[in-house]
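A.B. asks: One structure follows; several queries about it will come next.
Derivation of every value follows stated rules applied to the coordinates shown; laboratory data play no part. Note that this is a predicted model, so its numbers are computed, not measured. Glycine also receives a Cβ, built like all others from the backbone with ideal geometry; neighbour counts cover every protein chain displayed.
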Amino acid sequence: MSDVEFIEIPEGLIRILKNSKKVVALTGAGVSAESGVAVFRGAKDALFSKYKPEEIATPEAFRKNPGLVWEWYEMRRKKLKEVKPNPGHYALAKMEKIIDDFYIITQNVDGLHRQAGSEKVIELHGNIMNNKCFQNNHHIGELPLSDEVPPKCPICGSYIRPDVVWFGEYLDPDKIALAEKLTEQCEVFFSIGTSSVVYPAAGLIPLAKECGATVVEINPEQTEKSYCPDYIFRYPSGKVLPYIVEKLLNSTGS
Ligand code: OAD
C-alpha cells in the first residue's frame, strides 16, 4: 500500500475544510510509523508484542521492576533521536498555517509534531524526553550523573521515571478539558493513525461526531471507531495528508 501513486481527495471534503475555521487532528502512533517509530499494537515489531502494557507501562510495573521499565524507555528514546518527522507531520504543520484554528491532539510522546513545525499541539500522554520522580513528581531537568538504573531524584531520592502517562494514571486535567472543548467546537475532526482503543483519547472521536463535526479517519486498517467517520482513507497518513494540503491550497472554489 505504501507504493500508492495517487490518492483522490473528494471535492466535498475540501469544500468543508475551506469553509471551516475550527479543525482538530487526533493523532496516534501510526502517524509516526513512516518515520520508523514502532506502533504499540498489531504490527510484528509492535512495542506491546514483546511486553504487555501491564508489564512495562504501569506504576505497578515500575514498582516491580524499575530497571526494566527504565531501560525500555531508554531504548525508545535512543531510537527517537535517530528519526525525523515524515510528510504526514509536515502536512499537518502546514494545515495549522492554512486553517484559522487548527489543533493537534496527540497521544504520541515522540515530539515529532513540534519538530515538524506544529505549534498548537496538546501532548495528551506527555513527552518521552521529560522526566519526573516517582514519589513526588519533582520535575527533573538534566538527569543526574549516576550509574544507578534508574537514576534517583536529587531532591527526594526516589527513582526517576519518564514523564508520560501510564495505564492506570490520570491525564493532566487541563489538557483533557481543552481537548474535549476543542473537539466539541470543531467543524472537522481528523482521526489519524490510532487504533482508537485507549481512553479518554478514543472517546474524542464519537464526541466529535455527536457534536456535529465532519469526521475523517486516516488509517490503512479498520479501527474500533470506524463507524464514526464521514470520510475514510485506507492509506498511510504520510501519503494522504500531503494530497489533502495540496488540494486545499490549489482549490479555487468556495
Ligand atoms: P496503536 O499502536 O494502538 O495503533 C496504531 C494505529 O496506526 C493502528 O490502527 C495502525 O493501523 C495505524 N497505522 C499504522 N501505520 C500507519 C500509517 N503509516 N499511517 C496511518 N496509520 C497507520 O497506537 P495508538 O492508537 O496511538 O499510550 O495507541 C494509543 C496509546 O496506547 C498510546 O498513546 C500509548 C499506548 O499505550 C501511552 O503511552 C500512555
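A.B. asks: Scanning region 207-223 for residues that are more than 9 Å from the ligand (Cβ to nearest atom) and assigned to a loop (DSSP other than H, G, I, E, B), which turns out surrounded by the fewest Cβ atoms within 10 Å (Cβ to Cβ)?
C.D. replies: Among them, the one singled out is Gly212.
A.B. asks: I've got another one for you. Take the residues of region 224-254 that are part of a loop (DSSP other than H, G, I, E, B) and of a type outside the set (Ser, Thr, Tyr): which is surrounded by the fewest Cβ atoms within 10 Å (Cβ to Cβ)? Write out each step before concluding.
C.D. replies: Pass one, region 224-254, residues part of a loop (DSSP other than H, G, I, E, B): 224-230, 234-236, 251-254.
Narrowing the set further to residues that are of a type outside the set (Ser, Thr, Tyr) leaves 224-225, 228-230, 234, 236, 253.
Numbers: Glu224: 13, Lys225: 23, Cys228: 21, Pro229: 21, Asp230: 16, Arg234: 14, Pro236: 23, Gly253: 7.
So, considering only residues that are part of a loop (DSSP other than H, G, I, E, B) and of a type outside the set (Ser, Thr, Tyr), the one surrounded by the fewest Cβ atoms within 10 Å (Cβ to Cβ) is Gly253.
A.B. asks: Right, another one. Can you find a residue in region 124-132 that is surrounded by 19 or more Cβ atoms within 10 Å (Cβ to Cβ), farther than 21 Å from Ala33 by Cβ and of a type in the set (A, V, I, L, M, F, W, C)?
C.D. replies: Within region 124-132, not a single residue is surrounded by 19 or more Cβ atoms within 10 Å (Cβ to Cβ), farther than 21 Å from Ala33 by Cβ and of a type in the set (A, V, I, L, M, F, W, C).
A.B. asks: For region 151-166, check the following and say yes or no: at least one residue is at positive phi, small (Gly, Ala, Ser), outside any helix (DSSP H, G or I) and out of contact with any Phe, Trp or Tyr (no Cβ under 6 Å at 6 or more places or on another chain).
C.D. replies: Scanning region 151-166 turns up at least one residue that is at positive phi, small (Gly, Ala, Ser), outside any helix (DSSP H, G or I) and out of contact with any Phe, Trp or Tyr (no Cβ under 6 Å at 6 or more places or on another chain).
A.B. asks: Six or more apart or on different chains, Cβ atoms under 8 Å: show the pairs whose first residue is in region 16-44 and over 19 Å from Val245 (Cβ atoms) and charged (D, E, K, R) and whose second is within 8 Å of the ligand (Cβ to nearest atom) and assigned to a helix (DSSP H, G or I).
C.D. replies: Correct list of pairs: Arg41/Phe48.
A.B. asks: To continue, here is another question. Out of (1) in contact (Cβ under 8 Å) with a residue 60 or more places away in the chain; (2) within 12 Å of the ligand (Cβ to nearest atom); (3) not in a loop (DSSP other than H, G, I, E, B), what's the single condition that is false for Arg76?
C.D. replies: Single failed check for Arg76: (1).
A.B. asks: Filtering region 45-67 down to residues that are within 11 Å of the ligand (Cβ to nearest atom) and assigned to a helix (DSSP H, G or I), which residue is nearest to Pro242 (Cα to Cα)?
C.D. replies: Leu47
A.B. asks: Hey, could you check region 151-173 for residues that are under 17 Å from the mean Cα position of the chain (by Cα) and acidic (Asp, Glu) and say which is surrounded by the fewest Cβ atoms within 10 Å (Cβ to Cβ)?
C.D. replies: Per the stated criteria, the residue is Asp172.
A.B. asks: Just checking, does region 80-88 include any residue being under 30 Å from Glu148 (Cα atoms), assigned to a helix (DSSP H, G or I) and more than 10 Å from the ligand (Cβ to nearest atom)?
C.D. replies: Yes, there is a match, as at least one residue in region 80-88 is under 30 Å from Glu148 (Cα atoms), assigned to a helix (DSSP H, G or I) and more than 10 Å from the ligand (Cβ to nearest atom).
A.B. asks: Quick one: Asp163 ticks every box in (1) out of contact with any helix residue (DSSP H, G or I) (no Cβ under 9 Å at 6 or more places or on another chain); (2) without any contact (Cβ under 8 Å) to a residue 24 or more places away in the chain; (3) more than 25 Å from Ile98 (Cα to Cα) except a single one, so which number is it?
C.D. replies: (2)
A.B. asks: Which count do you get for residues in region 34-85 that are surrounded by 17 or more Cβ atoms within 10 Å (Cβ to Cβ) and closer than 18 Å to Ser158 by Cβ?
C.D. replies: Looking only at that region, the number is 7.
A.B. asks: Exactly one of (1) closer than 17 Å to Ser191 by Cβ; (2) free of Cβ contacts under 8 Å to residues at least 60 places away in the same chain is unmet by Ile56. Its number?
C.D. replies: With respect to (1) closer than 17 Å to Ser191 by Cβ; (2) free of Cβ contacts under 8 Å to residues at least 60 places away in the same chain, Ile56 is out only on (1).
A.B. asks: Residues that are more than 20 Å from Leu112 (Cβ to Cβ) and within 10 Å of the ligand (Cβ to nearest atom): does region 147-156 have at least one?
C.D. replies: Scanning region 147-156 turns up no residue that is more than 20 Å from Leu112 (Cβ to Cβ) and within 10 Å of the ligand (Cβ to nearest atom).
A.B. asks: Now for a separate question. Would you check if there is a residue in region 186-194 being surrounded by fewer than 22 Cβ atoms within 10 Å (Cβ to Cβ), not in a loop (DSSP other than H, G, I, E, B) and not basic (Lys, Arg)?
C.D. replies: no
A.B. asks: I'm trying to understand the selection: among the residues of region 94-113, which are of a type in the set (D, E, K, R), buried (at least 18 other Cβ atoms within 10 Å of the Cβ) and either more than 13 Å from the chain's Cα centre (by Cα) or in a helix (DSSP H, G or I) (or both)?
C.D. replies: Hits for region 94-113 are Lys94, Glu96.
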